[in-house]
Amino acid sequence: PAAIGVRLAAPERPVWALVGDGTYLMMPTEIVTAVQEGIAIKVVLIQNHGYASIGGLSESVGGERFGTAYRFRAADGTYTGAPLPVDLAANAASLGMDVIRVRAVGELRGALTTARAAKHPTCVYVETETADTVPGAPEAQAWWDVPVAETATRPAAVEARAEYDRRG
């Protein structure tokens with residue numbers, strides 16, 4: 001939605017939105033508006049099969065990333081099963097956006113160039129590695145002040161509370 005507003009305010013300027021899969025799932029219908037009105041926004045959609053930022057926050061406060069990956073339940077009831085068959089590129093295309101799927105790092109520059117030249121809403125879709133295939137992003141240099149339960153008994157939450165008290 002913000003990219004549409006910026007493009008309407010400055011139609012002569014290229015407008016890009018960098019969107020993660022979790023954010024995309026919260027508001028994909030705005031693509032229909034961009035297509036309907038011919039608003040040539042460009043979207044880079046990063047698919048990492050979950051709510052990575054919220055998962056990191058959850059982990060930092062002892063929540064152990066509960067429910068933040070797009071996965072089926074495993075036999076033990078955890079969300080560690082196979083990835084859900086979510087295809088956000090197909091979803092964006094079904095809403096009328098042109099989609100360029102990038103399958104390797106070497107393809108990204110060409111995809112961005114193609115999208116930049118497009119006169120209609122265009123998405124560059126990038127599927128990334130997930131936490132179970134590569135190490136996560138480096139730790140942030142900022143602290144998100146989210147209180148942790150004082151009375152928790154799970155080891156991860158107890159450790160997170162100690163860290164919260166140390167930083168507080």
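Anything in segment 18-75 that is of a type in the set (S, T, N, Q) and under 13 Å from Pro1 (Cα atoms)? List them, or say none.
Thr23, Thr29, Thr33
Using the structure shown, decide if Ala74 is more than 17 Å from the chain's Cα centre (by Cα), closer than 23 Å to Tyr51 by Cα and at pLDDT below 90.
no
Show the residue pairs meeting these rules: Cβ distance below 6 Å; 6+ apart or different chains; first residue within segment 3-19 and without any contact (Cβ under 8 Å) to a residue 60 or more places away in the chain and under 17 Å from Cys123 (Cα atoms); second residue of a type in the set (D, E, K, R) and open to solvent by 30 Å² or more (accessible area, probe 1.4 Å).
Sorted first by the residue in segment 3-19, then by its partner, the pairs are Val15/Arg7.
For Gly22, work out the one condition from (1) open to solvent by less than 80 Å² (accessible area, probe 1.4 Å); (2) in contact with a Pro (Cβ under 8 Å, 6 or more places away or on another chain); (3) within 28 Å of Val146 (Cβ to Cβ) it doesn't fulfil.
Status for Gly22: all satisfied but (2).
Does Asp132 satisfy the condition of being in contact with a strand residue (DSSP E or B) (Cβ under 9 Å, 6 or more places away or on another chain), acidic (Asp, Glu) and modelled with pLDDT under 90?
yes
The values are calculated or read from the model by the stated rules, or taken from the named source; none is laboratory data. Remember, predicted model here, so these are calculated numbers, not experimental data. Using ideal geometry, Cβ is built from the backbone for each residue, glycine included, and neighbour counts are taken over all protein chains shown. Quick note on the areas: whole protein, heavy atoms, side chains included, nothing else; ligands and nucleic acids left out. Shrake-Rupley method; radii C 1.70, N 1.55, O 1.52, S 1.80 Å.
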